[in-house]
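The next block holds one structure in the form of C-alpha cells; read it before the comments.
The values are calculated or read from the model by the stated rules, or taken from the named source; none is laboratory data. Everything quoted here is computed from the prediction, not taken from an experiment. For neighbour counting, all protein chains shown are included, and Cβ atoms are generated from backbone atoms with ideal geometry for every residue, glycine included. The protein model used for the area step is the full one, side chains on, heavy atoms only, and it has no ligands, DNA or RNA in it. Shrake-Rupley method; radii C 1.70, N 1.55, O 1.52, S 1.80 Å.
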Amino acid sequence: MSSRERILGRVRRALVDVGPDEPSYDQAVPRDYLREHGERSVAETVDLLAENLADYRAIVHRCTAEDLPATIAGMLAARGAKSVAVPPGLDPGWLAAADAERIPDRAENTPHELDQVDSVVTACAVAVAETGTIVLDGGPDQGRRRITLVPDHHICVVRVPEQVVSSVPQALERLDPARPLTWISGPSATSDIELDRVEGVHGPRTLEVVLVGGQASADVTS
C-alpha cells in the first residue's frame, strides 16, 4: 500500500459517519467574527496604519501626489543610493526627480545582481491598518517578489485612502489568492537564541513607506 492510499484510507474512515445531508465545511463553520475592531473614520484608519508601521520600525512619510517625486528623491539621496530597482509598471513620474541608475525588473536578474542594487521602489496592493501590514501581489507596479527581498532598502508607496483597509478580512476580499502575495510587517527581522534582534536576514533591512494623499504632514518615524 502506498503512502497516498494509506492517507486516503484514513480520510475515508474519518468521514464514514458523515451523511450525505451534512452541511459542507463552509456552511458548518460560523464566520460571524468581527470584520474590524472598533469604529474609525478614514483619517483615523490611516493614522492607525502609520502608527503600527512605525511600531514595526518602518519609516513612514506622508506627502501629496505632487510632492511624491521629490519625497522619493530625498529618501534615495539620504541613503546615498546610486541604483534603484524599478518594476515595469511603476509610474515613471515617481522617480523623475531621483538621481540614481534605474535597474529594470527582468527575469534575467540574478540574486547577486540584485544584491548590488541600493534600493527598490514599488507600489502595493493593499495596506492593513490594524496590523501595520503592507501586501504586495506581484502587480506591474510591484514587480517580482525577489526585487523586494534582496535589496537592502525598500520604498513602498501606499495610495491613501483607497489602498488602506482596517483589517485582514477586508484585505483578503481585495486580494487574488492565485497571485504571489507577500505580507510585510516592518523591515525583515529575526532573533537569535539570546533574543538579540537582527534585521535584514530575510529581506530589506530598511522599509520606508510613503502614504500619498491629498495633504502633506510631518513624517512619522520609528
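Whether any residue in the range 10-21 is of a type outside the set (Lys, Arg), part of a helix (DSSP H, G or I) and over 23 Å from the mean Cα position of the chain (by Cα) is what I want to check. Please lay out each step first, then the result.
Of the residues in the range 10-21, the ones of a type outside the set (Lys, Arg) are 11, 14-21.
Still in the list and also part of a helix (DSSP H, G or I): 11, 14.
Now drop any that are not over 23 Å from the mean Cα position of the chain (by Cα), which leaves 11, 14.
Yes: one or more hits.
Pairs are defined by a Cβ separation below 7 Å, a sequence spacing of at least 6 or placement on different chains, a first member in the range 172-196 that is in contact (Cβ under 8 Å) with a residue 12 or more places away in the chain, and a second member that is part of a strand (DSSP E or B) and of a type in the set (Ser, Thr, Tyr); the pairs so defined are 183/133; 184/133; 185/133; 187/206.
When 101, 162, 130 are checked against the criterion of being free of Cβ contacts under 8 Å to residues at least 12 places away in the same chain and charged (D, E, K, R), 162 stands alone in meeting it.
From the list 66, 51, 39, the lone residue that is within 23 Å of residue 122 (Cα to Cα), open to solvent by 70 Å² or more (accessible area, probe 1.4 Å) and outside any helix (DSSP H, G or I) is 66.
Looking at 137, 105, 118, just one residue is open to solvent by 10 Å² or more (accessible area, probe 1.4 Å), acidic (Asp, Glu) and under 30 Å from residue 169 (Cβ atoms), and that residue is 137. Where strands (runs of 3 or more DSSP E) fall entirely within the range 147-222, those with at least 1 residues that are modelled with pLDDT of 95 or more, within 13 Å of the chain's Cα centre (by Cα) and of a type outside the set (Lys, Arg) are at 153-159, 182-184, 206-213. For the range 131-146, filtering for residues that are in a loop (DSSP other than H, G, I, E, B) and in contact with a helix residue (DSSP H, G or I) (Cβ under 7 Å, 6 or more places away or on another chain) leaves 3.
Farther than 15 Å from residue 209 by Cβ, at pLDDT 80 or above and touching a Leu at 6+ places or on another chain (Cβ under 9 Å): which single residue out of 40, 10, 57 fits that description?
Details: 10 fails: touching a Leu at 6+ places or on another chain (Cβ under 9 Å); 57 fails: farther than 15 Å from residue 209 by Cβ.
Within the list 40, 10, 57, the selection yields 40.
Look at (1) open to solvent by less than 70 Å² (accessible area, probe 1.4 Å); (2) under 17 Å from residue 68 (Cβ atoms); (3) part of a loop (DSSP other than H, G, I, E, B); (4) not aliphatic (A, V, I, L, M) and you find that residue 99 fails only one, number (1). Taking the criterion of being touching a residue at least 40 places away in the same chain (Cβ under 8 Å), under 25 Å from residue 115 (Cβ atoms) and of a type outside the set (A, V, I, L, M), the only residue of the range 66-83 that qualifies is 79.
Restricting 88, 30 to those that are within 28 Å of residue 102 (Cα to Cα), not acidic (Asp, Glu) and not in a helix (DSSP H, G or I) reduces the list to 88.
Keeping to the range 8-60, report how many residues are of a type in the set (Lys, Arg) and free of Cβ contacts under 8 Å to residues at least 12 places away in the same chain. Outline the logic, then answer.
Of the residues in the range 8-60, the ones of a type in the set (Lys, Arg) are 10, 12-13, 31, 35, 40, 57.
Remaining after also requiring free of Cβ contacts under 8 Å to residues at least 12 places away in the same chain: 10, 12-13, 31.
Residues flagged as of a type in the set (Lys, Arg) and free of Cβ contacts under 8 Å to residues at least 12 places away in the same chain within the range 8-60 amount to 4.
May I ask you to list the residues in the range 140-155 that are open to solvent by 30 Å² or more (accessible area, probe 1.4 Å) and within 13 Å of residue 182 (Cα to Cα)? Once the filter is applied, which keeps residues that are open to solvent by 30 Å² or more (accessible area, probe 1.4 Å) and within 13 Å of residue 182 (Cα to Cα), the range 140-155 yields 144, 145, 146, 149.
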